[in-house]
1. What's the total number of residues in the range 31-69 that are in contact with a helix residue (DSSP H, G or I) (Cβ under 8 Å, 6 or more places away or on another chain), charged (D, E, K, R) and over 15 Å from ALA104 (Cβ atoms)?
2. Which of the following residues is of a type in the set (A, V, I, L, M), modelled with pLDDT under 95 and in contact with a Ser or Thr (Cβ under 9 Å, 6 or more places away or on another chain): ALA40, ALA3, ALA85, ALA27?
3. Name the one entry in PRO54, PRO60 that is on the phi < 0 side of the Ramachandran plot, more than 15 Å from the chain's Cα centre (by Cα) and either in contact (Cβ under 8 Å) with a residue 12 or more places away in the chain or surrounded by fewer than 16 Cβ atoms within 10 Å (Cβ to Cβ) (or both).
4. Taking the stated definitions as given, is SER22 over 13 Å from TYR100 (Cβ atoms), at pLDDT below 90 and in contact with a Gly (Cβ under 7 Å, 6 or more places away or on another chain)?
5. Any residue in the range 71-97 that's farther than 19 Å from ARG29 by Cα: show its pairings with residues that are part of a helix (DSSP H, G or I) and of a type in the set (Lys, Arg) at Cβ separation under 8 Å, as long as the two are six or more apart or on different chains.
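The values are calculated or read from the model by the stated rules, or taken from the named source; none is laboratory data. Only a predicted model underlies this, so the values are computations on that prediction, with no experimental measurement involved. Every residue, glycine as well, gets a Cβ built from its backbone with ideal geometry; the counts of neighbours run over all protein chains shown.
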Amino acid sequence: MRADISRSIYAGLTVMLVASISTEANADRAYGEYLAGECATCHNPSGVGSEGIPSIVNLPEDRFAQALKEYRTKVRPNPVMQNIAGRLGDKEIAALASYYASLAPATQGRKP
């Protein structure tokens, strides 16, 4: 009987953990969508860039985040992106990466 209770508790905690991870990812994505308004100025609302502006949709999250962090630390040269990324913390960068990774694949433009 004690083993049954332990298994039930373990199963319940596992479900709660998975649900919280899923909710956190969705919350990050929603926050990223909110933050994306500033990105849309240059990258278009769809995230598909044009005329020298790279596409930022459907990139792996780690690649997108790394690019923004490199702009933030001025490793990548682009004064506009350095200024924008310089105002973002890791949480904002992760949220934007989650949001843009969830969008449909880019059909035009360069990747960052």
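1. Selection size over the range 31-69: 4.
2. ALA40
3. PRO54
4. Taking the combined requirement at face value, the residue does not satisfy it.
5. Listed pairs, sorted by first residue: GLN82/ARG72; GLY86/ARG72.
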